[in-house]
Amino acid sequence: MFSFQIPQRVHQSIGWNLVVVIVFLSLVPSAPIPTVTGNYDDKIAHSFTYALLMGWFAVGASKSAWTKIGCYAFALGCVLECCQALLPYRMASLDDIAANGLGVLIGAIAAVVLTTGSRSLRRAK
């Protein structure tokens with residue numbers, strides 16, 4: 001079976017670039033998100049973003065570090081929401097913080113699924 005593993009340095013670099021993109025997009029003026037599901041599109045975007053962030057870093061780390069990664073990802077979301085409260089062109093929301101937390105949880109579950117029984121993902125032990 002074909003197995004592909006991203007080198008650790010590349011994996012970390014992509015992850016930190018993802019953090020930079022999240023910070024940037026969270027603090028610049030935003031365009032309206034197209035509405036597909038009514039009022040939930042923004043929350044889905046938050047959940048997806050933080051699931052991706054958590055999952056990306058978790059599959060590249062040991063399972064003992066996952067709790068710390070999840071706490072850092074959630075803290076990032078909380079800090080960014082607080083920063084948005086200080087910006088006149090952004091709006092902070094407790095619902096966004098909850099969506100970020102749900103995303104972190106989904107990312108952790110995805111990481112478990114992706115790394116369970118995988119011989120190629122040695123780092124996630």
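The values are calculated or read from the model by the stated rules, or taken from the named source; none is laboratory data. Keep in mind that this is a model prediction, so the values were computed, not measured. Ideal geometry is used to build each Cβ from the backbone, glycine not excepted, and the neighbour counts take in all protein chains shown.
Restricting attention to segment 73-93, the residues being closer than 20 Å to Ala51 by Cα and in contact (Cβ under 8 Å) with a residue 12 or more places away in the chain number 8. Do we have Val10 as part of a helix (DSSP H, G or I) and at pLDDT 95 or above here? No: the conditions fail for Val10. Within the set Ser30, Ser62, the sole residue that is modelled with pLDDT under 95, over 16 Å from the mean Cα position of the chain (by Cα) and within 21 Å of Ser13 (Cβ to Cβ) turns out to be Ser62.
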